[in-house]
Structures are given as C-alpha cells and as structure tokens.
Amino acid sequence: MQNSPKRFTITAALPYTNGPVHIGHLAGVYVPADIYARFQRIQGKDVAFVCGSDEHGVPITLKAKKEGISPQQVVDKYHAIIKKSFEDFGISFDNYSRTSAKVHHDTASEFFKKLYEEGKFIEQTTEQFYDKEANQFLADRFIVGTCPKCGYEESYGDQCENCGTSHNATDLINPKSAISGNVPSLKETKHWFLPLDQYESWLKEWIIDGHKKDWKANVYGQCKSWIDDGLRPRAVTRDLDWGIPVPVEGAEGKVLYVWFDAPIGYISSTKEWAEREGKDWEPYWKNEDTKMLHFIGKDNIVFHCIIFPSMLKAEGSFILPDNVPANEFLNLEGNKISTSKNWAVWLHEYLIDFPNQQDVLRYALTANAPETKDNDFTWSDFQARNNNELVAIFGNFINRVMVLINKYYDGEVPTPSFFSKFDEAILKELQAYPNVIASSIERYRFREAQAELINVARLGNKYLADEEPWKTIKTDGERTKTVMFVALQIASALAVLCEPFLPFTSEKLKKFLCYSELDSESTWKDISTKQTLLPSGHQIGKGELLFSKIEDSQIQQQLDKLEATKKANKVMETSLTPQKETIQFDDFTKLDMRVGTILEAEKMSKTKKLLILKVDTGLDVRTIVSGIAESFSAEEVIGKKVTVLVNLAPRDLRGVESEGMILMTENSQGKLVFLNPDEDGIDNGMTIS
Ligand SMILES: [Zn+2]
C-alpha cells in the first residue's frame, strides 16, 4: 500500500447502458467510490475520478432487438438517464464519458494495435457457435446452456450468473441459441487471444504474494481461486457488428471483445477530462507515485484483477491498481435485485417519491453496504435509519444549536469565558474523529466510517443534554455562552466531516453556518488541531430542518409497489393465454369427447416427442399419436385413464394414422399432465360434456 501518493486515479465500474441504475449499483460501487474521492479531495489531494457508459455490451444489442430500435438508440436513451441519476445523487465524477466516444474508439484501437504489433496476442482459428437460421456467429450472451461447474441451466456462454464462474461458450452443456432457440453449429473463425497463462506466475506474485494483507478477503479469495484453477488464453475479439472494429487487416466483421474495450474506457475518460482541464493524462496512469483504485461489484473482480492488469502489463507502460475494493451484492427485501424482473428501486423513480432526499438514500445504503457479504435493503430499515439516526440524532442536534444561537444571541457566535474540564474533554474527543473516520475510509470500511460520523452528532447531543443550556440561560449567562460556543464547534466539525457521505447536507449546513463569510473555511485537519472552527462574533443564518420524518404511509406505498411487481411477475411467469373468441353451445356439442384407457404405448423411432398409443375408447381400440414423450415414458402411461377427443379427423403423423387426440394440460415447469378421469366407476366411452 502506498502511503503518500501524489495523485489518485479512482475508477468506478462503467455501467451497461441497457437500463437505468438502481440502488444495488449505488450501494455496491458509486457511493463508496464517491465517498473515497470526495474524502481525498477534501484532504487537498489531486484526484481524477472517472467513469462512463459501457455502450458495447451484447445485452445492448439484445435489448435493441427486443425493442425494435437500433443499438445506438438504446445507448443514447440510457446514457442520458444514467448520467442524470449520477448527477442527481451527487456522484462527483471528474468526468463521465461513454465508450462510443471517438477518444475511446481511438484509445482502444491503439491499445490493441500496440499489443498486436508487439506479438502479445495468439492468433487462433477456432470453431465458434453459429446460428444457421439467424445467419450469424453467436456472441457469448446469445448462447445459453448448462453450467459445467454448477449445473445451472440458464448459464450464459461466457459466465454463469449462478456460481460466477467464467468459461468459454463451448464448455456449456446443451448449448442453445438465444436468438432462435436452435442448437447452434460450430463454424471456423479467426480470433486473437491474450495468453493469460503466460501471466500466471506474474499474477501469483503480484496478487497472491503481494496483496494478501491489503486486499479485501472476498476479492483476494476470488483471485486466488482463479489463479489456482489455472489460467487459459482468452479471446479479445468477437464476431459481432456492434463495437469497436478490430483495427488490423483480415478482421472484417469482427470487433474488440467488450471486456477488452470497456476497462480501457477508464483511460479514455481520463484523457477526455485532462484535455478539457488542460492537464496531462499520462501521470494518472503511468507514474508510480499515483494510487489507482477500481471500485466495482463482485461480478467484475476477474476482469479488474486478472484480465485488465494482464492487458496493462502486456502494454508495458501502465501502472497497476493499488487496490480493487469490490463489494458483494445488495438484495432488495430478501430477493436478488433484477432488472428484467423490475425488482429494484430505480434512482430516477426514488427521487419522484422522495424529492431532495438523496442523502437519506446514500446514508441508508452506506449503513447497509455489502462490504463483506451480500446484504439486504429493506424499506423499514430505510425508514428507521432516517427517523432514528438522521432525524433524531444528526438533525436534532443541528436544529437545537441553530435555534438556541438565534434565540439567545441573534445568530452571533458567543464568546466563551473559560472551558471546564468537561468542555476540554468533549473538544478533545471531537479532535480525535477526523483521524478515526479517515482511517476507516482509507481501509474502504465506509459503514464503519459513517457510523463514526453519527457518533460526532451523538457527542453533540449528549453535551447539550448534560449541560442543559435552555436551563442555564436563566441562571448563568456566561456558562451558557461557553456551552453554546462548544456546541457550535461540534456543528461546524459535522459540516466538514459529513461531506463525503452526505454532500447535500454538508452544503446546507455550511450555508446555515455562513461558511462563505469566513476568512478561511475549516478543513478536515483543522478539526483535529484547532479549538476554534467558528470564531466568536461570526454571524450564522437561521437554518431549517436538515431531515424530515418519513411516515409509515410513505413506506407502505413503496412496499405496495414491490408487491404489485411481484404479482405482475407471477402473471408473466405463468404466461396465461388470453381467452379465445366466444363460441355457441352448438359449437361445443360438435366435439365428441370420451373417457378412454391407454392399452399399449411405444416411442416412435427418430422422434423426441411422439408416443404411439393404443387406446380403448369404449367405442373401439384405436391408434392415437400423442406428443407427450418428453413428459412420460411409454411404460408410465400404460393403463392410464384419459380424456379423448374421438371425432377429430384422422391425421397422418410420420406415417402413422392418428385417430383422435388425448387432452392434456401443462404445468408451470413445462411438464404435460393428463386431464384425468381416473376414478372408480368411470368407464370407457363415457361422454364428457
Ligand atoms: Zn455455474
């Protein structure tokens, strides 16, 4: 770990532009990254905090297909929504770019070209999955199949969402095309691979030996298991028409793999920022006295700890991240957050229901941050954090101070007479907090840091409760002045210390305290070293409530919204077919349905679905071909009583004449079920009406 870096390059995972951002993104990546970046800036450090939209993912082309619009239209729409959400929540990026920007296309192309020219890639012709019907090679996300590691049946070609394992599409068991549903065929195609196996011993040394102590256990553990499993060459190009074209001859119709291009987005975003600010971008990526950090969620660990560092190492002129403080996942009310199932709290929607309460959400998310394990966001916890902590502790303390100073001294900071031992002890305790909070932030323990911040407000409340200035004002004017002076110093410290966590509150509080009228604003360090942060005679403003109580009805409204989502999902899952056109009774009576018994059954050869049945219908014994072989074996159905439509015109099915139809239904798992008149006293030939 570097102790006194000259500058910080802080990156936050590039969000996919196939949907808006939700609380899981905020809690896992953007709030912690923002706390860290703001904290370093307050310390006077040189910070480049960069991010941008990842606009080349295959999910984007899937989304475009689904919505019948172009991929560009998809990314334009979500880039705007995401960018605004980040601004609304005070995520203080120095630059928010997008990977469709020219600077990024150029940067990523040059990066690839350099590695290509220096022979850092392996060129390989391999067989890749190809969908004949769709007439295209299938990108990883267009292939679903069974995960070879955990058996999850909906695993994507490149990564299993269930166990997190990353693999090649050809490793999947029973692969299917997500476009047509067909079994894809293999077709030859040429690609470039980064030989990760050649970086294995270097990665071992750098991570396993070098970062055992300072990297988070979840991150270190994942890396170790990856390296222990052995690394294999990884393709960095894809057959796809959406992305950055591979900039070499003979690569027509191929683009850079999104995981090759996306992390380079951090570099191009830094370039864009530096150009705008008239700075040189290179020290932020190439000087050893720069501390580089990647804030990400746990699903991105392998890309930021293994693949991107190997790319940087291969290039040769870049520094490596000092740390990758990845978080686990945040769940919502006990269930995994899901964009497709709409199981989320969307940031743009939150602000409609809770206008101007960004800090409340930031606070609740940090208090529950999934720093060491998956964690749960519940609306009742959100309400409790607001009402019991922000309102009752932080807001209450500030409000008392503002009201009393205005009431007793017309808003002028009083002159203290002399500090009692208790005052001295309180001020000493206050002076310890900046280092305590800083130490937690430097170790990426943001929950702990924020809890200490609230302890500062607790200290203030306890001080006022012990000294009771509202009583002493009648008996001891001098003592009251001293007490209110001390209380104001605590309020002033809070205005500075809360900025990384609650930036909007910090701004308000500084305004209440008329910080802009001071000769020099107090700094983080001043709180540890100076007894006076707000001088006597300084005029403060009136102030207003910093936080307001959140009512049960507001929480109920959110819970109702989630309940409605649950119901809607259930309907979607069972996917009921709409009712057909109304028919007359005469139409119904045309159908002749009887009870029958299956006497014999055999699988029709060369088919998957068909059984040839001999059925006693009471009228006769006839042959019926039924498409039930995927749900039942021949042996299982012999002897079963079934419902038969007997007057259906005979049909030829693969050379066998079928005289009727067995009535079936299908359960939610897709298994067929007989409509079953299998009870005593029901005889073959009985009419169903
Ligand atoms: Zn799996």
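Go through (1) farther than 18 Å from A491 by Cβ; (2) open to solvent by 50 Å² or more (accessible area, probe 1.4 Å); (3) modelled with pLDDT of 95 or more; (4) of a type outside the set (D, E) and name the single condition S417 misses.
Failed condition: (3).
Has segment 271-291 got at least one residue that is part of a loop (DSSP other than H, G, I, E, B), within 27 Å of Q159 (Cα to Cα) and hydrophobic (A, V, I, L, M, F, W, C)?
No, because not a single residue in segment 271-291 is part of a loop (DSSP other than H, G, I, E, B), within 27 Å of Q159 (Cα to Cα) and hydrophobic (A, V, I, L, M, F, W, C).
Of the residues Q450, Q489, only one is more than 30 Å from P370 (Cβ to Cβ) and in contact (Cβ under 8 Å) with a residue 40 or more places away in the chain; which?
The conditions single out Q489.
Return yes when F260 is of a type in the set (A, V, I, L, M, F, W, C), in contact with a Pro (Cβ under 6 Å, 6 or more places away or on another chain), open to solvent by less than 20 Å² (accessible area, probe 1.4 Å) and modelled with pLDDT of 95 or more and no when it is not.
no
What is the residue count in segment 155-183 for residues that are within 11 Å of the ligand (Cβ to nearest atom), of a type in the set (S, T, Y) and open to solvent by 30 Å² or more (accessible area, probe 1.4 Å)?
Adding up the residues that qualify gives 2.
Go through (1) closer than 21 Å to L361 by Cα; (2) within 33 Å of the chain's Cα centre (by Cα) one by one and return the number of the condition V571 breaks.
If we test V571 against (1) closer than 21 Å to L361 by Cα; (2) within 33 Å of the chain's Cα centre (by Cα), just (1) comes out false.
Given the structure, is E55 in contact with a strand residue (DSSP E or B) (Cβ under 6 Å, 6 or more places away or on another chain) and modelled with pLDDT of 95 or more?
Yes.
Among F112, F129, F93, which is the only one that is away from the ligand (no atom under 16 Å from the Cβ), assigned to a loop (DSSP other than H, G, I, E, B) and among the aromatic types (F, W, Y)?
After applying the criteria, what remains is F93.
What number goes with the only condition from (1) open to solvent by 60 Å² or more (accessible area, probe 1.4 Å); (2) in a helix (DSSP H, G or I); (3) within 16 Å of the ligand (Cβ to nearest atom) that K65 does not pass?
Condition not satisfied by K65: (3).
Between residues in segment 240-254 that are among the charged types (D, E, K, R) and residues that are not in a loop (DSSP other than H, G, I, E, B), which pairs lie under 6 Å by C-beta distance while being six or more apart or on different chains?
That search, which allows pairs on different chains as well, returns K254/T237; K254/D239.
Looking at T665, T597 in this structure, which one is part of a strand (DSSP E or B) and at pLDDT 90 or above?
Exactly one residue qualifies, and that residue is T597.
One residue is enough: does segment 481-489 have a residue meeting the conditions surrounded by fewer than 15 Cβ atoms within 10 Å (Cβ to Cβ) and either in contact with a strand residue (DSSP E or B) (Cβ under 9 Å, 6 or more places away or on another chain) or in a helix (DSSP H, G or I) (or both)?
No: segment 481-489 contains no residue that is surrounded by fewer than 15 Cβ atoms within 10 Å (Cβ to Cβ) and either in contact with a strand residue (DSSP E or B) (Cβ under 9 Å, 6 or more places away or on another chain) or in a helix (DSSP H, G or I) (or both).
Six or more apart or on different chains, Cβ atoms under 9 Å: show the pairs whose first residue is in segment 152-163 and over 21 Å from V236 (Cα atoms) and among the aromatic types (F, W, Y) and whose second is modelled with pLDDT under 90 and near the ligand (Cβ under 10 Å from one of its atoms).
Y152/C160; Y152/E161; Y152/N162; Y152/C163
Which one of S548, S506 is at pLDDT 95 or above, over 26 Å from the mean Cα position of the chain (by Cα), closer than 28 Å to A364 by Cα and open to solvent by 20 Å² or more (accessible area, probe 1.4 Å)?
Going through S548, S506 in turn, just one is at pLDDT 95 or above, over 26 Å from the mean Cα position of the chain (by Cα), closer than 28 Å to A364 by Cα and open to solvent by 20 Å² or more (accessible area, probe 1.4 Å): S548.
For residues that are of a type in the set (G, A, S), in contact with a helix residue (DSSP H, G or I) (Cβ under 8 Å, 6 or more places away or on another chain) and part of a loop (DSSP other than H, G, I, E, B), scanning just segment 522-548, find the one that is farthest from L390 (Cα to Cα).
Selected residue: S536.
I'd like the full set of residues that are within 13 Å of P321 (Cα to Cα) and in a helix (DSSP H, G or I), limited to segment 197-211.
Within segment 197-211, L203, W206, I207 qualify.
Scanning segment 132-154 for residues that are away from the ligand (no atom under 16 Å from the Cβ) and within 21 Å of V258 (Cα to Cα), which turns out surrounded by the most Cβ atoms within 10 Å (Cβ to Cβ)?
A139
The values are calculated or read from the model by the stated rules, or taken from the named source; none is laboratory data. The shown structure was predicted, so the numbers you read here are calculated from the model rather than taken from an experiment. Counting neighbours? That spans all protein chains shown, and the Cβs are built from the backbone with ideal geometry, glycine included. Ligands, DNA and RNA are excluded from the accessible area calculation, which covers all protein heavy atoms including side chains. Shrake-Rupley method; radii C 1.70, N 1.55, O 1.52, S 1.80 Å.
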